[in-house]
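One structure is given here, and the rest of the page talks about it.
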Amino acid sequence: MDAAVIRVEGLTKRYGDVVAVDAIDFEVKGGATAALLGANGAGKTTTLAMILGLLLPTAGTLSVLGQDMVRHRYRVLSRMNFSSPYIDLPRRLTVAENLTVYARLYGIGRTRPRVRQLCEELAITDFMDRTLGTLSAGQRSRVALAKALLNEPEILLLDEPTASLDPDVADWVRQYLLAYQARTGATILLASHNMAEVERMCTDVMIMRRGAIVDRGTPAELIQRHGRQTLEEVFLDIVRHDGGEGARAAQ
Ligand code: ATP
């Protein structure tokens, strides 16, 4: 698939004087693995939340799978999913209960086999009957990923997908996601601070600074354009350009 499945034009989010996302434009093609990179506070999570329809934009247009997400998000929500370390699943429910509740919310038939299959694939079967609150951060993030894959989404939005995972499990999760994508043709848009991860997984990298997209390309293009050796060096160049993190104040 080559057509754009996510299309964003003039997308803006303001909180009072703070411009969290500042009139950004981009498209993500079907089947791509794209990344939003940026320092803390650059606007990545806000952008993902607007694409998901969790936050209303202040201005701009946003379409996913051809649907306007502000007016018609219910037409496409069942074809998308997300995982984020900032959104907790209910801690008093067990892993199996959590996944079952979400599977029912998503209207998935044959809930039990689907939950069991995902638990096996993500190696979380051993703690299926434990409450979320008793799991380590890394274990919880695998459960969150299982939740994100319940409906076999065509569009998967991932905020820091491997943030709390040890290098071995993080590598395994990346392989799993790439295999999922190869099998289903899904489109992945992720926000990450892990440059090696982005270099390895993503074909399309958008670098955000203070709410704006300030550079974009494949990892190799960005590295070449900035005359650097790694994406991390490119990132540091861009982020340190004006010496600061975060959003800017509205004019
Ligand atoms: P991080 O890497 O730290 O997760 P991010 O790039 O995801 O950062 P966002 O969480 O999108 O950044 O935040 C962008 C800016 O918007 C930040 O300056 C943040 O303080 C601000 N912001 C986000 N949510 C709100 C809110 N509800 N009220 C006020 N300001 C907010």
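Between residues in segment 38-53 that are assigned to a loop (DSSP other than H, G, I, E, B) and of a type in the set (S, T, N, Q) and residues that are modelled with pLDDT under 95 and more than 6 Å from the ligand (Cβ to nearest atom), which pairs lie under 8 Å by C-beta distance while being six or more apart or on different chains?
ASN40/GLU245
Please work out if GLU9 is away from the ligand (no atom under 12 Å from the Cβ) and over 16 Å from the mean Cα position of the chain (by Cα).
yes
Read through the list (1) touching a Gly at 6+ places or on another chain (Cβ under 8 Å); (2) surrounded by fewer than 20 Cβ atoms within 10 Å (Cβ to Cβ); (3) not in a strand (DSSP E or B), then give the number of the only condition that THR61 fails.
For THR61, the failing item is (3).
Using the structure shown, decide if VAL76 is in contact (Cβ under 8 Å) with a residue 12 or more places away in the chain, away from the ligand (no atom under 16 Å from the Cβ), under 18 Å from the mean Cα position of the chain (by Cα) and surrounded by 18 or more Cβ atoms within 10 Å (Cβ to Cβ).
When the stated conditions are applied, VAL76 passes them.
Which number in (1) assigned to a strand (DSSP E or B); (2) within 9 Å of the ligand (Cβ to nearest atom) marks the one condition that VAL28 misses?
Single failed check for VAL28: (2).
Can you tell which of ARG114, ARG140, ARG130 is over 16 Å from the mean Cα position of the chain (by Cα) and under 24 Å from MET195 (Cα atoms)?
ARG140
Of these, LEU48, LEU55, which one is near the ligand (Cβ under 10 Å from one of its atoms), more than 28 Å from GLU199 (Cα to Cα) and of a type in the set (A, V, I, L, M)?
It is LEU55.
Name the single residue, out of those in segment 44-94 being within 20 Å of ASN151 (Cβ to Cβ) and among the aromatic types (Phe, Trp, Tyr), that is modelled with the highest pLDDT.
Top of the filtered list is PHE82.
Show me the strands (runs of 3 or more DSSP E) entirely contained within segment 120-211 in which 1 or more residues are crowded, with 20+ Cβ neighbours inside 10 Å and among the basic types (Lys, Arg).
Per the criteria, 204-209.
Could you look through segment 33-42, keep only residues that are modelled with pLDDT under 95 and of a type in the set (Gly, Ala, Ser), and pick out the one that is farthest from the ligand (Cβ to nearest atom)?
ALA39
Taking the condition in contact (Cβ under 8 Å) with a residue 40 or more places away in the chain and within 16 Å of the ligand (Cβ to nearest atom), does ALA186 pass?
Considered against the rule, which asks whether it is in contact (Cβ under 8 Å) with a residue 40 or more places away in the chain and within 16 Å of the ligand (Cβ to nearest atom), ALA186 comes out as no.
Given the options VAL28, VAL95, VAL101, name the one that is in contact with a strand residue (DSSP E or B) (Cβ under 6 Å, 6 or more places away or on another chain) and surrounded by 15 or more Cβ atoms within 10 Å (Cβ to Cβ).
Selected residue: VAL28, the only one of VAL28, VAL95, VAL101 that is in contact with a strand residue (DSSP E or B) (Cβ under 6 Å, 6 or more places away or on another chain) and surrounded by 15 or more Cβ atoms within 10 Å (Cβ to Cβ).
The values are calculated or read from the model by the stated rules, or taken from the named source; none is laboratory data. This is a predicted model, so every value here is computed, not measured. Glycine also receives a Cβ, built like all others from the backbone with ideal geometry; neighbour counts cover every protein chain displayed.
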